[in-house]
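Each value in this text was obtained by applying a stated rule to the coordinates, not by laboratory testing. Predicted model, so just to flag it, every value in this text is computed and none were measured. With ideal geometry, Cβ positions are generated from the backbone for all residues, glycine too; neighbour counts draw on all protein chains shown.
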Amino acid sequence: MSEELKGLMRRFPLGVAVVTTKWRDKLVGMTVNTFNSLSMSPPLALFLADRTRGNDVPFRESEFFSVNLTDDKDILNTFAVSPVETRFRKMKYELEEGVPVLTEAYAYMILRKVQVIDVGDHSIIVGEVIKTRMVRDADPLVYYDRDYRKIC
């Protein structure tokens with residue numbers, strides 16, 4: 001069933017973002033296709049982190065995290081496949097609330113973690129949105145059939 005499910009999900013376009021935090025004095029980030037708004041009152045958003053790979057731990061243990069929206073495939077690939085310790089080496093970023101915000105992002109938000117819910121092999125990381133910023137207009141990317149694609 002899992003291969004059939006993976007095949008089906010590859011045919012479903014998903015929004016993508018880079019989530020980042022600072023954990024144990026290290027900058028941590030990863031590309032996700034599970035970011036979504038959860039509530040407008042209070043303003044909450046969520047993403048999923050794979051527990052089998054330990055991707056949840058930095059976000060579970062940090063108070064704040066950022067969600068960065070980018071139209072740059074190279075940035076998404078860097079945070080998806082590059083070794084964790086090298087992901088920020090060539091990235092331009094600034095710290096806000098102590099967490100990295102990618103300066104190349106067309107929009108970002110800062111969130112305060114409010115809950116972590118373990119479901120199956122993933123953790124749902126829920127955060128309260130404390131700041132949003134639209135930096136510029138952009139044509140967003142989606143993840144579809146193992147590739148990042150423009151929707152416009």
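Key figures
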quantity	calculated
Over the chain: helical MRE at 222 nm, DSSP H runs n ≥ 4 each giving -39500 (n - 2.57), nearest 500	-4000 deg cm²/dmol
Given charges at Cβ of Lys, Arg, Asp, Glu: the stretch 13-144 dipole, positive-most of Phe65, Gly15, Pro83	Pro83
Computed lengthening from Arg149 to Lys73, 0.36 nm per intervening residue step minus Cα-Cα distance	26.5 nm
Per-residue ³J(HN,Hα) for the stretch 100-114, Karplus 6.51 cos²θ - 1.76 cosθ + 1.60, θ = phi - 60°, Hz, x for Gly and Pro	x, 10, 6, 6, 7, 5, 7, 7, 8, 9, 10, 10, 9, 4, 10
Within straight-line cross-link reach of Lys150, lysines at Cα separation under 19 Å, skipping those fewer than 8 residues along the same chain	Lys73
Unit charges on C-beta of K, R, D, E only; dipole of the chain, Debye	180
For the stretch 9-16, Karplus couplings with θ = phi - 60° (6.51, -1.76, 1.60), whole Hz, Gly/Pro x	5, 5, 8, 10, x, 10, x, 10
Pairs of alpha carbons in the stretch 13-144 whose separation is greater than 18 Å (percent)	49
